[in-house]
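Q: Once you've had a glance at the structure underneath, I'll fire off some questions.
The values are calculated or read from the model by the stated rules, or taken from the named source; none is laboratory data. This one's a predicted model, so the numbers in the text were calculated from it and none came from an experiment. In this analysis, Cβ positions are derived from the backbone assuming ideal geometry, glycine residues included, and neighbour counts consider all displayed protein chains. Only protein heavy atoms, including side chains, enter the accessible area calculation; ligands, DNA and RNA are left aside. Shrake-Rupley method; radii C 1.70, N 1.55, O 1.52, S 1.80 Å.
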Amino acid sequence: MESGIPFNRPFIAGRELEYIEQAVTAGDLSGGGRFTRGCAELLQARFGIHKVLLTPSCTAALEMAAMLCDLQPGDEVIMPSYTFVSTANAVVRLGARPVFVDIRPDTLNLDENLIEAAITTKTRGICPVHYAGVACEMDTIGKIAKKHHLMVVEDAAQAIDASYRGRPLGTLGHMAAFSFHETKNVICGQGGALCLNDPTLVERAEILRDRGTNRQKFLRGMVDKYTWVDVGSAYAPSEICSAFLYAQLEMMDTISARRRTRYLCYQAQLAPLEARGLLRLPATPAGCQSNCHMFWIILSDQHVRDALLEYLKSQGILAVFHYVPLHSSPMGKTFGYQPADLPVTEDVSGRLLRLPLYHELTNEQLQRVVDHVVSFLTR
Ligand SMILES: *Cc1c(COP(=O)(O)O)cnc(C)c1O
């Protein structure tokens, strides 16, 4: 009996425990220590981000970004419905309204051609989600934002080490959020980062992150005691998580390269099925360099998708579908949306399937997945 193939297996880069031991020995465990600083500096230098603040999750980074946009009750933020709940919750928490816009059928990213029609006098921002680590059309989105004086927050949860026209994702909005959840490319269990590309946002971001106090100014000797100056929360990670993360960030080239070989294998092997019209593969538009976070396929209808999921499961292979669209979820409906409002999102979500993709997926395992997909779709 061949062993099962999970959907994901967290990759351990090698020095995680060594760095955790160093952090424990240094005794500076609550964050702001050598590894938390080191991770932020590494990300800033590698991608050219003005300021990175590590957070306990991408969800926390998105919440901070929404607060830094100064959203007020009734304000609107444009985003896809085909995303994780955190994108929407960040604005809903502040009494603002997520305005869901449909996605492009090729990349499943926010359709930049539908954004302007969704702008009202209450629109304050746009939150593009780089699905599967493929960039949204950021030049167009940036132009629209500038014309209408809107903030742009990239949900780059899946998009670390990907780029758009030579520029790293995470540097293209006023702010961006990365995730280091164990299901992402670079991990620390749970973790995230807020990228601040607008220097005027840094001072308030540090206060929000430090429970609404000016502790960072105090630590730099700029005030002689620290006190409550704004709203805030505990949005800094533990030094132990940062130590784990540092070991991963050091290995980012290896992590990205390995995922790319897995991705390209799937792509080459499944291309003949696409040529026969039996499935559709992800598109990477010219100028976009994907980080190969995910390999999705779209089947001819939901029935085939569900039957393929079941078949793969019976063969010990765990493939999974993805988002239940937010606009047709119970919470989304409270904002007045109907499923038919976003036809591409509704259609794609019922037909999409994600294949196992992780660092240690061997050629043999990948071949088994491909063989079963081929035999199911051609029988
Ligand atoms: C994973 C993910 C998040 C949430 O990240 P956490 O670090 O788990 O909070 C948000 N948005 C998208 C698009 C994601 O894929």
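Q: Return the Cα extents of the chain along principal axes one, two and three, sorted largest first, each rounded to a whole Å.
A: Sorted from largest, the Cα extents of the chain read 75, 53, 36 Å.
Q: Residues of the range 177-197 with amide nitrogen under 19 Å from the 7 Å Cα-to-Cβ point of Val24?
A: 188-190
Q: Report the one residue of Leu281, Gln269, Tyr131 whose Cα lies farthest in the direction of the positive end of the charge dipole of the chain (charges on C-beta: Lys and Arg +1, Asp and Glu -1; origin at the Cα centre).
A: Of the listed residues, the answer is Tyr131.
Q: Rank Met251, Pro80, Gly189 by how far each Cα sits towards the positive end of the charge dipole of the chain (+1 on Lys, Arg Cβ; -1 on Asp, Glu Cβ) and give me just the farthest.
A: Going by the Cα projections, it comes out as Met251.
Q: Right, next: Based on DSSP H assignment, which helices of the chain show an axial Cα extent of at least 27 Å together with a mean Kyte-Doolittle hydropathy greater than or equal to -0.5?
A: Working: long enough: 252-275 (34 Å, -0.45).
Sorted by number, the helices that extend far enough and score high enough are 252-275.
Q: Could you tell me the center-to-center distance, by alpha carbons, between the range 229-290 and the range 322-379 in angstrom?
A: Their Cα centres are 17 Å away from one another.
Q: Also, I was wondering about something else. Which value in deg cm²/dmol, rounded to the nearest 500, describes the helix-derived mean residue ellipticity at 222 nm for the chain, given -39,500 (n - 2.57) per DSSP H run of n ≥ 4 and division by the residue count?
A: Working: 13 runs with 145 residues, N = 379.
Only helices count here, giving -11500 deg cm²/dmol.
Q: Considering the chain as a Gaussian network with a 10 Å cut-off on Cα pairs, which listed residue, Gly27, Gly173, Gly74, attains the greatest mean-square fluctuation?
A: So, out of Gly27, Gly173, Gly74, the one fluctuating most is Gly27.
Q: Could you name the lysines whose alpha carbon sits less than 27 Å from that of Lys313, not counting residues in the same chain fewer than 8 places away?
A: The qualifying lysines are Lys184.
Q: For the range 252-379, give the magnitude of the charge dipole about the Cα centre (Cβ charges: +1 Lys/Arg, -1 Asp/Glu; no others), in debye to the nearest 20. Kindly include the intermediate steps, with their values, before the conclusion.
A: Values: 13 positive and 11 negative charges, 39 e Å.
In total the dipole reaches around 180 debye.
Q: Eigenvalues of the Cα gyration tensor times 5, then square-rooted: what semi-axes does that give for the range 252-378, in whole angstrom, largest first? Let's see the in-between values first.
A: Working: eigenvalues 144, 71, 41 Å².
They are 27, 19, 14 Å, listed from largest to smallest.
Q: Next question. Cα centroid distance between the range 55-73 and the range 138-191, in Å?
A: Cα centroid to Cα centroid, the span is 14 Å.
Q: Out of the range 311-379, which chymotrypsin sites (Phe, Trp or Tyr not before Pro) are coil in DSSP terms and have no more than 16 other C-beta atoms within 10 Å? Show your work: numbers first, answer last.
A: On the way: sites: Tyr311, Phe321, Tyr323, Phe335, Tyr337, Tyr358, Phe376; in loops: Phe321, Tyr323, Phe335, Tyr337, Tyr358.
Hits after loop and neighbour filter: Phe321, Phe335.
Q: Here's a follow-up. Could you list the square roots of 5 times each eigenvalue of the Cα gyration tensor of the range 22-153, that is, the equivalent ellipsoid semi-axes, sorted largest first and rounded to whole Å? If you can, show how the numbers build up before the last one.
A: Values: eigenvalues 192, 59, 37 Å².
Square roots of five times the eigenvalues give 31, 17, 14 Å.
Q: Equivalent ellipsoid semi-axes for the range 87-240, as square roots of 5 times the alpha carbon gyration tensor eigenvalues: give them largest first, rounded to whole Å.
A: Details: eigenvalues 174, 76, 40 Å².
With the √(5λ) rule applied to the range 87-240, the semi-axes are 30, 20, 14 Å.
Q: Looking at the range 293-340, which trypsin sites (Lys or Arg not before Pro) are DSSP coil and have at most 11 other C-beta atoms within 10 Å of their C-beta? If you can, show how the numbers build up before the last one.
A: On the way: sites: Arg305, Lys313, Lys333; in loops: none.
Hits after loop and neighbour filter: nothing returned.
Q: Dipole size in debye (nearest 20) for the chain around its Cα centre, Lys and Arg Cβ +1, Asp and Glu Cβ -1?
A: The calculated dipole for the chain is roughly 240 debye.
Q: Okay, moving on. On the protein heavy atoms, probe 1.4 angstrom, tell me the percent of accessible surface of the range 16-250 carried by carbon and sulfur. All intermediate terms of the calculation are to be shown ahead of the outcome.
A: Numbers: 4960 of 9350 Å².
That fraction is 53 percent.
Q: Given a 1.4 angstrom probe, what's the average accessible area per residue across the range 16-250, in square angstrom?
A: Values: 9350 Å² over 235 residues.
That works out to 40 Å² for each residue.
Q: Can you tell me which lysines have their Cα less than 28 Å from the Cα of Lys143? Leave out same-chain residues fewer than eight positions away.
A: Once the sequence-local lysines are set aside, what remains near Lys143 is Lys51, Lys122.
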